[in-house]
Amino acid sequence: MINQQLINPKSIVVVGGSNDIEKPGGKILKNIKDGDYKGELFVANPKEDTVQGLKSYKDINDLPNTDLAIIAIAAKHTLPTIEFLTQKKNTKAFIILSAGFSEESEEGAVLEQKIVDAVNKVNGCIIGPNCIGFLNSNYSGVFTTPIPKLNEKGCDFVSGSGATAVFIMESGMPKGLTFSSVYSVGNSAQIGVEEVLKYLDETYEHGVSSPVKLLYIENIDNPGMLYKHASSLIRKGAKIAAVKSGGSEAGSRAASSHTGALASSDVAVDALFEKAGIIRCSGREELATVAGILIHPKPQGKNIAIITHAGGPAVMLTDTLSNGGLEIPPIEGKKADELLEKLYPGSSVANPIDFLATGNAEQLGHIIDACENDFDNIDAMVVIFGSPGLFPVYSVYEVINEKMKTCKKPIYPVLPSVINAEDEINSFIKMDRINFPDEVIFGDGLCKVLNAPSPAKEKIDAIDVDVKRIRKVIDNVGNGYLEPDAVFEILDAAGIDRAIEEVVKNENDAVNFAEENGYPVVMKVVGPVHKSDVGGVVLNVKDEETIRKEFKRLMKIKDTKAVLMGQMLSGTEVFIGAKHEENFGHMVLAGLGGIFIEIFKDVSTSLVPVSKNKAEKMIKKLKSYKVIQGIRGQEPVNEDIFADQIMRISSLMQAAPEIFEMDLNPLLGNSKYVKAVDARIRVEKD
């Protein structure tokens, strides 16, 4: 797919190159020329003799063979041009700026596919159409500005939107963020975000390749490819941050189960990113900030020293880091007293370390040295230093730069005076440094980086279930919710412990169930989907008279076909669910059960398969985890059994991918067991 003719072309032709630099064909030509491209540069324009000082080939038959063609002509002319270039001029790479393809109409989509077919015949590659282009240190093949500073150790950036790519670069460049390459994939006719990530993975060499990958994604067409290559890159030592937009559309979709209501495509994206180890960002500023943090060495721990000459920003940063799970440990003892003696009276070294508005570069150097050498409970430093505009602060920023070269502990500069100290900040950035002008955005970003999960293991062993028994049930049912007997059979085959239950159709059988299995019992209607909503659940039934009375009442409820009798168990209500999400496969969800899932929506999610370690983390990640641990004398839920049940549901989804939705709600858990007392399974074989 991606080839060297795109990455490092020896020759480029701009088809539709123009003297008018306010047109894409003119601006991209100017950018390539201004970028000091070293290869041969050609222009094809039937109306011009020369374009921007270059000979214009009015007849493309006269063009020399060309590695890369940049297409800036109307959509209707692109196919014959590309067919000619592939067949006659040995062109193997194309950047199609033109719009008017699949984003516009069905006819455009057909034309787009014909172009892909033509290029595939010669094993070529296409960026676009409907994109701003591609750039790296070899050439600036984009028709927009700004052109960022290009650096092998900068970020590889892949965007599904050209305009957004520009805006993200504009967010990062003033902070000092540099780029190694920028891919604007447009319609992703042949190469999308996933394919670029595959190329970056397959060519990655740790210590040589760009260590940071940034993604802006509007559609994930191949989650499996994205996961495979993102997780592979991260295992190799790269770091990935991404914005995925368009996450709210699925939230309005009607669902017939608790799992369906909670498990949307955006929840699937979260689960995918977490499993791969991708840091998910909410917008441009956060993405650019996280990218800058990832460029720095990663701290060995979560203990942060805040060094400041301004109290307010330090307090806001302290709040942000603390709320995000990082530590601002106190600094005290003999070494702290020695440091305090080197500062002006009124300073504080307690952490935040405040050396006052009158603090100077020499004092900052003493503070950084102490944090580096004397305080073992510090893993990284944040230096907040702005300017009231009274005097230059070059010397302070020079100290920060020098200490960043020599200190093993990372130092993050927060230099907020983007107007008063504009010249000094620009000078600092020219030293190949990055500035984080907003302490709260920085703090949120640092928390995301230091709390980011590691990618899942490449091979996850599934827990054993009785696949043959499961398949026998699934193969013999139709679409829709399964009857209770089929649900029981599947749960038993999967090893899901459950309350003893039986479907009955007359009063005497209901009474016999209670006498055989013991009082109290629970009675539920069979038929209506939402049993509680129609008064179809009766708990803690303790005698025969109540059974007979409630049986009669329940059978009168609309759509009721029978009554499900079950043991009345005790314990904390928990929940496990599963749902198939298009393209992503199955998700497994877990949390508190009963009405709590509707009120608090406190669930953890993972894509299938789920490892033991991941199942345990899903439980511990819940905001309600203390309830599961047992509070105020309440018996705890057995976490080992709960995790085992989560893994069994994961294995069930692998054995029966036709299961579209599944609810175990609730399961009752205590220190001895976690038993399902209500379950629904919906099958969709189409």
Which numbered condition ASN426 misses (of (1) closer than 22 Å to GLU285 by Cα; (2) touching a residue at least 24 places away in the same chain (Cβ under 8 Å); (3) assigned to a helix (DSSP H, G or I); (4) of a type outside the set (Lys, Arg)): (2)
Restricting segment 538-585 to residues that are buried (at least 16 other Cβ atoms within 10 Å of the Cβ), touching a residue at least 60 places away in the same chain (Cβ under 8 Å) and of a type in the set (S, T, N, Q), the residue that is farthest from ASP663 (Cα to Cα): GLN567
Qualifying positions in segment 558-609 - assigned to a loop (DSSP other than H, G, I, E, B), assigned by TED's automatic domain parsing to the domain that holds LEU652 and charged (D, E, K, R): GLU582, LYS601, ASP602
Lone qualifier among ASP379, ASP374 - being under 26 Å from MET431 (Cα atoms) and surrounded by 14 or more Cβ atoms within 10 Å (Cβ to Cβ): ASP379
The one condition in (1) in the same structural domain as LEU214 (by TED's automatic domain parsing); (2) on the phi < 0 side of the Ramachandran plot; (3) in contact (Cβ under 8 Å) with a residue 40 or more places away in the chain that GLY176 fails to fulfil: (2)
All positions within segment 492-528 that are surrounded by 17 or more Cβ atoms within 10 Å (Cβ to Cβ), of a type in the set (A, V, I, L, M, F, W, C) and either in a helix (DSSP H, G or I) or over 41 Å from the mean Cα position of the chain (by Cα) (or both): ALA493, ALA494, VAL503, VAL504, ALA510, VAL511, PHE513, ALA514, VAL521, VAL522, MET523, VAL525
Residue count for segment 375-401, restricted to those that are acidic (Asp, Glu) and within 35 Å of the chain's Cα centre (by Cα): 2
Qualifying residue in segment 38-46 (condition: of a type in the set (Phe, Trp, Tyr), out of contact with any Gly (no Cβ under 9 Å at 6 or more places or on another chain) and either touching a residue at least 40 places away in the same chain (Cβ under 8 Å) or in the same structural domain as ASP117 (by TED's automatic domain parsing) (or both)): no
Counted residues, segment 276-321 - those being free of Cβ contacts under 8 Å to residues at least 60 places away in the same chain and either aliphatic (A, V, I, L, M) or assigned to a loop (DSSP other than H, G, I, E, B) (or both): 3
Within segment 1-106, strands (runs of 3 or more DSSP E) holding 1 or more residues that are modelled with pLDDT of 95 or more and more than 14 Å from ILE127 (Cα to Cα): 11-15, 40-44, 54-57
Selection within segment 91-136 - touching a Gly at 6+ places or on another chain (Cβ under 7 Å) and loosely packed, with under 15 Cβ neighbours inside 10 Å: none
Residue in segment 113-134 that is touching a Leu at 6+ places or on another chain (Cβ under 8 Å), in the same structural domain as LYS27 (by TED's automatic domain parsing) and free of Cβ contacts under 8 Å to residues at least 40 places away in the same chain present: yes
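The values are calculated or read from the model by the stated rules, or taken from the named source; none is laboratory data. None of these values were measured; they are calculated from a predicted model. Ideal geometry is used to build each Cβ from the backbone, glycine not excepted, and the neighbour counts take in all protein chains shown.
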